[in-house]
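What follows is one structure encoded as structure tokens, with my remarks underneath.
The values are calculated or read from the model by the stated rules, or taken from the named source; none is laboratory data. The structure presented is a predicted model; accordingly, all values stated were derived computationally and were not measured. Cβ placement follows ideal geometry from the backbone for every residue including glycine, while neighbour counts extend to all protein chains displayed.
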Amino acid sequence: MGIYKAEAIVLRSMVYREADRILTLFTREAGKVSAIARGVRKTTSRLRGGVQLFSHTHLVLYGGRTLDTVSQGEAEDEFSYLEQDMERFTTASYCAELVDRLTPEREPQPKVFFLMLAVLRALKAGDPDLAARLFEIKLLDILGYRPSLTECVAGNHPLPSAAGEGARRLWFSIERGGVVCSACAQSCEKLRPFSPAALGAMKYFLRSPLEQAAQARIDPKILQELANILQGFLVYHGEIRTRSRRFLDAFRDGNAGNGHNKP
Ligand SMILES: [Zn+2]
């Protein structure tokens, strides 16, 4: 592949040998790329500032057989606020891990690149929980797993209108990937209750830009409902059970005293 330029976000950064780091990059041009940054852990390295974890950076790379090599890097934005807040940092780690787990190497997905950039920006001020839910549903949508929210997935008919009695109780089927009406619910298994408010929030999330929707005020109960459903969706359709998510959950439950994943 020779030498090439890429605009990238650093999704992962692992210490390698004495002075190197192995990076998982998400590039605008080529999707996910693994690369080595040699000598970058030396204080004298000129590359150092250009390849920080989560930075949005402009790189020059040499193509390699398994790993590309970063030869130059200049950060456009380092999102330094992430390092000052454990929950924001862990949420960024969670989103990066989802991208890493759900996308193949070297498949251009510019929408994923811009979504990742949007969530890193949204984490500056917005609610990290809300940002994570927005990220999950938008990533699922981009990757072809958009939940069906206007049709009942059990009966394949439009959902009853919001005014009707039948609209008050809704269910969500993880396996079938969408909403089930109360009439069809009797013949389905493994349904989760799904409130009309959660349905409305999910539709709003899908139609609004992430950075804009991240400023919305959403009832924590609805966010929790969405969290359960989206987590079920990711586990079932993406076989995803991320390390950062478990850590984030433990962190919220007050069990996060072990210092792993520190910035
Ligand atoms: Zn139905």
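Only one entry of Ser161, Ser71 meets the criterion of being within 16 Å of the ligand (Cβ to nearest atom) and either in a strand (DSSP E or B) or polar (S, T, N, Q) (or both), and that entry is Ser161.
Within region 59-70, is there a residue that is modelled with pLDDT of 95 or more and under 20 Å from Leu210 (Cα atoms)? Taking every residue of region 59-70 in turn, none turns out to be modelled with pLDDT of 95 or more and under 20 Å from Leu210 (Cα atoms). Reported count of residues in region 36-68, each being under 14 Å from Ile22 (Cβ atoms) and part of a strand (DSSP E or B), is 4.
Taking the residues in region 153-185 that are more than 20 Å from Leu226 (Cβ to Cβ) and exposed (fewer than 13 other Cβ atoms within 10 Å of the Cβ) as candidates, determine which candidate is modelled with the lowest pLDDT. Restricting to residues being more than 20 Å from Leu226 (Cβ to Cβ) and exposed (fewer than 13 other Cβ atoms within 10 Å of the Cβ), the top hit is Glu165. The residue pairs whose first member lies in region 46-60 and is not assigned by TED's automatic domain parsing to the domain that holds Ala35, whose second member is buried (at least 23 other Cβ atoms within 10 Å of the Cβ), and whose beta carbons are closer than 8 Å, counting only pairs six or more residues apart or on different chains, do not exist in this structure.
Does Arg106 meet the test of being at positive phi and touching a residue at least 60 places away in the same chain (Cβ under 8 Å)? Considered against the rule, which asks whether it is at positive phi and touching a residue at least 60 places away in the same chain (Cβ under 8 Å), Arg106 comes out as yes.
Going by the structure shown, is Ala30 in contact with a Lys or Arg (Cβ under 8 Å, 6 or more places away or on another chain), surrounded by fewer than 19 Cβ atoms within 10 Å (Cβ to Cβ) and not hydroxyl-bearing (Ser, Thr, Tyr)? Taking the combined requirement at face value, the residue does not satisfy it. Residues in region 9-35 that are over 18 Å from Arg101 (Cβ atoms), assigned to a strand (DSSP E or B) and out of contact with any Asp or Glu (no Cβ under 6 Å at 6 or more places or on another chain): Val15, Tyr16, Asp20, Arg21. Tally time: how many residues in region 191-222 are more than 12 Å from Leu130 (Cα to Cα), part of a loop (DSSP other than H, G, I, E, B) and either touching a residue at least 24 places away in the same chain (Cβ under 8 Å) or within 16 Å of the ligand (Cβ to nearest atom) (or both)? Number satisfying all stated conditions: 2. In region 122-152, of all residues being assigned to a helix (DSSP H, G or I), among the acidic types (Asp, Glu) and surrounded by fewer than 21 Cβ atoms within 10 Å (Cβ to Cβ), the one that is nearest to the ligand (Cβ to nearest atom) corresponds to Asp141.
Within region 186-223, if we keep just the residues that are over 27 Å from Gly126 (Cβ atoms) and among the hydrophobic types (A, V, I, L, M, F, W, C), the residue that is modelled with the highest pLDDT turns out to be Leu191.
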